[in-house]
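*Asks:* Sending over a structure as structure tokens; questions will come in a sec.
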DNA sequence: TGCGGACGTGTTCAGCCGAACACATCGTAG
DNA sequence: CTACGATGTGTTCGGCTGAACACGTCCGCA
């Protein structure tokens with residue numbers, strides 16, 4: 001979605017805006033990244049705006065929408081079940097959105113735009129103490145063996161499974177003996193790695 | 001403290017800043033109040049700054065210092081283990097504090113000062129899918145049968161147990177067969193009822 | 001081989017911004 | 001009566017800002 005540079009710029013804008021309320025000017029960005037020209041920053045801001053993550057607040061100043069800045073909160077989209085395709089930052093398809101303090105899960109600020117949440121359905125992960133109705137917090141990143149990941153199976157729906165390797169073959173293991181392991185035929189599509197869990201018990 | 005005009009200006013600044021994140025310029029204020037001179041606004045801003053309700057955010061822009069806009073977040077104290085006595089609102093003894101959105105757990109605003117959190121130790125509640133290291137969110141209120149509660153046993157430490165009744169006698173049931181039920185001798189001291197759970201998996 | 005996108009330099013320009021200075025009015029406290 | 005603070009007007013200035021234009025590099029893709 002975002003290039004590496006664009007993400008760096010976005011992080012900087014977010015940091016400044018969270019700290020002092022006002023986003024950095026193009027020349028602030030220029031200085032921060034050592035650009036010789038103000039236009040380098042301008043180009044990135046325009047690119048970020050085209051991708052919808054920032055906007056021009058008062059017709060001049062480039063910054064994040066006010067709601068996304070509040071204190072040091074992340075705004076995380078919550079999905080019920082994910083239709084085919086990767087969950088992107090398009091929040092249109094998100095059921096709702098939720099605000100949480102990243103320090104709760106020990107997440108660095110730059111994880112902000114890689115986070116999303118999934119409302120867990122079914123009992124396939126009860127062995128890992130993840131229940132129906134729980135809210136799984138996921139980060140879009142490369143999974144490691146043993147991670148619990150949200151994976152796209154059958155190209156239709158996203159499910160939570162533990163990623164294991166049998167030799168070189170990846171298998172998706174349900175933490176419930178009533179469910180069989182899934183062996184992805186073609187490439188494995190990982191949409192996120194579990195980093196946190198939120199449960200409502202009332 | 002503030003004059004009538006100053007209060008009007010302050011309200012306007014607050015409104016604009018809440019809406020778009022960036023406070024109005026002196027000329028915005030001038031237009032809003034129909035001043036013929038920008039200096040009228042400047043004078044008021046300087047007066048407000050002298051009284052401490054406003055400051056210069058980035059060396060130029062005048063705006064509110066406090067983030068009075070901050071969503072509807074609860075500040076919840078987090079305890080490791082609770083020493084004897086009831087966990088009160090004194091946050092001095094809290095290990096840390098945590099900010100969360102009450103809507104995450106479907107809690108009404110008036111629950112704010114009844115909430116606290118406990119860092120779970122031990123495996124006595126794994127049957128209820130509550131693990132060592134989890135953060136249990138609790139509300140101080142009268143428990144009902146079947147609730148998972150934080151109870152003070154032996155007058156020394158707080159543990160999480162399920163509250164059951166055998167006839168009229170209350171028993172504290174660990175959701176783990178390796179732990180025996182506890183039958184409180186004297187009155188049962190309930191410090192909170194489990195309303196939510198937060199787990200960090202990384 | 002050519003095209004376009006990401007990325008970056010160098011420069012100029014019009015507009016907005018805070019700041020300052022000079023000055024006026026009014027009511028109130030000493 | 002005087003001094004002062006609150007409230008304004010009118011004007012000017014230097015600095016910062018976003019925007020635009022021209023130009024250049026690198027890399028992947030058709």
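*Asks:* At what distance in nm do the modelled label points of residue B:144 and residue A:119 sit from each other, each positioned 7 Å from its Cα along Cα→Cβ?
*Replies:* The answer from the label model is 2.2 nm.
*Asks:* State the Cα centre-to-centre distance between the stretch A:162-194 and the stretch B:125-202 in whole Å.
*Replies:* The two parts, judged by their Cα centres, are 35 Å apart.
*Asks:* So, one more: Which of A:125, B:42 has the fewest other C-beta atoms within 10 Å, and how do the rest follow up to the most?
*Replies:* In order of increasing Cβ crowding within 10 Å: B:42, A:125.
*Asks:* Using a 10 Å cut-off on Cβ to Cβ distances, tally the other chain neighbours for every residue of B:134-140 and report the average as a whole number.
*Replies:* Across the residues of B:134-140, the mean count of other-chain Cβ atoms within 10 Å is 2.
*Asks:* For the stretch A:4-68, restrict the atom set to alpha-carbon positions and state the Rg and Dmax in Å.
*Replies:* 10.6, 32
*Asks:* A follow-up question, please. What is the average number of partner chain Cβ atoms found within 10 Å of a Cβ in B:56-63?
*Replies:* If you average over the peptide's residues, the count of other-chain Cβ atoms is 3.
*Asks:* Same structure again: For the stretch B:104-145, rounded, prolate or oblate, judged on the Cα gyration tensor with a ≥ b ≥ c (square roots of eigenvalues), a/c < 1.5 rounded, else prolate if a/b > b/c? If you can, show how the numbers build up before the last one.
*Replies:* On the way: a/c = 2.33, a/b = 1.84, b/c = 1.27.
Prolate.
*Asks:* Determine the principal axes of the Cα atoms in the stretch B:108-202, then give the extent along each, sorted from largest to smallest and rounded to whole angstroms.
*Replies:* Largest first, the stretch B:108-202 extends 38, 33, 23 Å along its Cα principal axes.
*Asks:* Let me ask something additional. What average count of beta carbons from other chains do you get within 10 Å of the Cβ of residues in A:189-201?
*Replies:* Mean number of neighbouring Cβ atoms from other chains: 5.
Laboratory data are not the source of any read-out in this text; all were calculated from the coordinates shown. All values derive from a computational prediction rather than experimental measurement. Note that we place each Cβ from the backbone using ideal geometry, even for glycine, and neighbour counts take in every protein chain shown.
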